[in-house]
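The values are calculated or read from the model by the stated rules, or taken from the named source; none is laboratory data. This is a predicted model, so every value here is computed, not measured. So basically every Cβ, Gly included, is an ideal-geometry build from the backbone, and we count neighbours across all protein chains shown.
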Amino acid sequence: MARDAIEIDNISKTYASGFMGRKKKLVLEDVSLCVPEGGIFGVLGPNGAGKTTLLSLISNLISPDRGTIRVFGHDVVREPQYVRGMMNLCSGHPNFMWSMNVVENLSFYGMLYGIPKKKRREKIEELISMMELEEYRKTRYDELSTGTKQRVALAKSFITDPRILFLDEPTLGLDPNMAIKIRSIIRDIHAEKGITILLTTHYMKEVDELCGGVVFLREGRIVAEGSPEELKKKVEFKIAQPTMEDVFLELTQ
């Protein structure tokens, strides 16, 4: 029986703004959630629902007002460095040194993560092969296509061999063929390494193809949780043969 990789218990988070921080905005309220180890789990919802805040809390970029988060049993607030070492992120808005080539960029991030030189070189070669980047290894980042940049971002996110990977809109702005390729790479890596993946996306086809479990957020609260098929059954009384797009519209409006 798989254990939980992430345990979230009654998390709430408020942001302050305005003069002297007098304006308060409740972004997450009493959110509880368990993410099983080794799965691909979707965190969905409209803009402003609290998805980014939730991921930032899990990775200890910000602290909760109340509640606890544990990653493989370790409290993210009390053991931040230990927990952060288990994680990495791939964003749909990759940002690398524009004048450096693919190998130089990956090496730079490897150095930032403190990976020794010999191990760093070996890991970079492994990732270049895995992401099919051989022909681009000496190409400057600003000369790469959008899809190739995204493969570089994926390579960077695996350079630390994370146990938990955050995928934030990983196919954002890609043409359909490249989006299919990126999803295929994600599936293959997940099958090979068995890591836990948290996925945020507005592409419901991606959810159908990749996610075993899904949580929907609306106005800082969880409004639904389950597998894609379970969530589709919840709207069958309104829509025959619903898609995940139908589920999204029903749950977030």
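Laid out as a table, the results:
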item: Test: residue in the stretch 164-172 that is part of a helix (DSSP H, G or I) and either at pLDDT 90 or above or not basic (Lys, Arg) (or both); result: no
item: Per-region count, the stretch 239-253, residues without any contact (Cβ under 8 Å) to a residue 40 or more places away in the chain and either under 14 Å from Ala224 (Cα atoms) or not in a loop (DSSP other than H, G, I, E, B) (or both); result: 5
item: Residue list for the stretch 65-92, filter: of a type in the set (Asp, Glu) and assigned to a loop (DSSP other than H, G, I, E, B); result: Asp65, Glu79
item: Residue among Gly85, Gly173 that alone is in contact (Cβ under 8 Å) with a residue 12 or more places away in the chain, surrounded by fewer than 17 Cβ atoms within 10 Å (Cβ to Cβ) and under 23 Å from Gly194 (Cα atoms); result: Gly85
item: Matching residues in the stretch 57-93 - criterion: being of a type in the set (Val, Ile, Thr) and over 14 Å from the mean Cα position of the chain (by Cα); result: Ile62, Thr68, Ile69, Val71, Val76, Val77, Val83
item: Which listed residue, of Ser32, Ser56, Ser63, is out of contact with any strand residue (DSSP E or B) (no Cβ under 8 Å at 6 or more places or on another chain), touching a residue at least 12 places away in the same chain (Cβ under 8 Å) and either under 13 Å from Glu219 (Cα atoms) or not hydrophobic (A, V, I, L, M, F, W, C) (or both); result: Ser63
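Every residue, every condition in (1) of a type in the set (Ser, Thr, Tyr); (2) free of Cβ contacts under 8 Å to residues at least 24 places away in the same chain; (3) closer than 12 Å to Ile40 by Cβ; (4) assigned by TED's automatic domain parsing to the domain that holds Asp246, yes or no:
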position: Lys181; (1), (2), (3), (4): no, no, no, yes
position: Ser184; (1), (2), (3), (4): yes, yes, no, yes
position: Asp188; (1), (2), (3), (4): no, yes, no, yes
position: Ala191; (1), (2), (3), (4): no, yes, yes, yes
position: Ile197; (1), (2), (3), (4): no, no, yes, yes
position: Glu206; (1), (2), (3), (4): no, no, yes, yes
position: Leu210; (1), (2), (3), (4): no, no, yes, yes
position: Val215; (1), (2), (3), (4): no, no, no, yes
position: Glu219; (1), (2), (3), (4): no, no, no, yes
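For (1) touching a helix residue (DSSP H, G or I) at 6+ places or on another chain (Cβ under 8 Å); (2) at pLDDT below 90; (3) of a type in the set (Phe, Trp, Tyr); (4) assigned to a helix (DSSP H, G or I), each residue gets a yes or a no:
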| position | (1), (2), (3), (4) |
| --- | --- |
| Ser32 | no, no, no, no |
| Val35 | no, no, no, no |
| Ser63 | yes, no, no, no |
| Pro94 | yes, yes, no, no |
| Leu106 | yes, no, no, yes |
| Ile115 | yes, no, no, no |
| Lys119 | no, no, no, yes |
| Leu127 | yes, no, no, yes |
